[in-house]
1. Check off (1) surrounded by 12 or more Cβ atoms within 10 Å (Cβ to Cβ); (2) more than 25 Å from the chain's Cα centre (by Cα); (3) among the hydrophobic types (A, V, I, L, M, F, W, C) for L98 and give me the number that stays unchecked.
2. Can you confirm whether segment 180-192 contains a residue that is assigned by TED's automatic domain parsing to the domain that holds P133 and closer than 20 Å to E140 by Cβ?
3. Can we say I81 is touching a Leu at 6+ places or on another chain (Cβ under 7 Å) and not in a helix (DSSP H, G or I)?
4. Name the single residue, out of those in segment 145-163 being at pLDDT below 85 and outside any loop (DSSP other than H, G, I, E, B), that is farthest from G10 (Cα to Cα).
5. For segment 11-20, which residues satisfy the criterion of being in a loop (DSSP other than H, G, I, E, B) and either more than 28 Å from the chain's Cα centre (by Cα) or of a type in the set (A, V, I, L, M, F, W, C) (or both)?
6. Any idea which residue in segment 102-137 is modelled with the lowest pLDDT, counting only those that are in a helix (DSSP H, G or I) and of a type in the set (S, T, N, Q)?
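The values are calculated or read from the model by the stated rules, or taken from the named source; none is laboratory data. As the structure is a prediction and not an experimental result, all values here were calculated from the model. Heads up, the Cβs are rebuilt from the backbone with ideal geometry, glycines too, and the neighbour counts pull from every protein chain shown.
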Amino acid sequence: MKIDVLNLKGEKIEQIDLNKDVFGFEPNFEVLKQYIRVYESNQRQGTSSTKTRAEVRGGGVKPWRQKGTGRARHGSIRSPIWVGGGVAHGPKPKSWRLSMPQKMKENALKSALSIRMKEGKIVVIDNVNMEKPKTKDFVEALKKLNLEGKIALVYSGDVANLVKSSRNIPGVTLVNSVRLGAYNVIKVPTLVFLKDAILNVQERFSK
């Protein structure tokens, strides 16, 4: 399996071999679906909190006597049926964290990469680090590479100027190759790898 390596002008400069075990993997959609569910669940902070009737301030005195007033009986103005009262069955802080075996995470990533490869949505550019951070230059490079819409730029190593040049562009997500997961791949339609980054991913997940 081969893929072209382009420069920032959109010109082909070489081809590299990709491992079918990583980029030609038979997609497991059930594992991929489960990974996305686990990932999104783990992003939840679980900090929502409401006060029960025991936690709301006030309401220690019976608002009126039990009988003889013609009104419904009440024991506290902090009952959930009163305005300003506590909340019945409201949310409390909790952990939404789910776990997933490492092997399943790897299978999910291989599935996502293979789907994008089959769609022709993986672009590899040569290892470049701009002389100085300049967003305008990188925007021009994206136009020459015919890259529109949302993309994930996967980098590796010290490419600080390239990162600074691209991080303010709407629709561009930066991902270090060592942190690449299936969710990063699926949430954007196009992946742009630096050459070192795609080789790094291949080396980590090849059999």
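1. (2)
2. The answer is yes; a qualifying residue exists.
3. no
4. A160
5. Passing the criteria: E11, L18.
6. Among those that are in a helix (DSSP H, G or I) and of a type in the set (S, T, N, Q), it is T135.
Matching residues to (1) under 30 Å from T190 (Cα atoms); (2) in contact (Cβ under 8 Å) with a residue 12 or more places away in the chain:
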{"residue": "I36", "(1), (2)": "yes, yes"}
{"residue": "T50", "(1), (2)": "no, yes"}
{"residue": "R53", "(1), (2)": "no, yes"}
{"residue": "W64", "(1), (2)": "no, no"}
{"residue": "T69", "(1), (2)": "no, no"}
{"residue": "V83", "(1), (2)": "no, no"}
{"residue": "K92", "(1), (2)": "no, yes"}
{"residue": "S99", "(1), (2)": "yes, yes"}
{"residue": "I115", "(1), (2)": "yes, yes"}
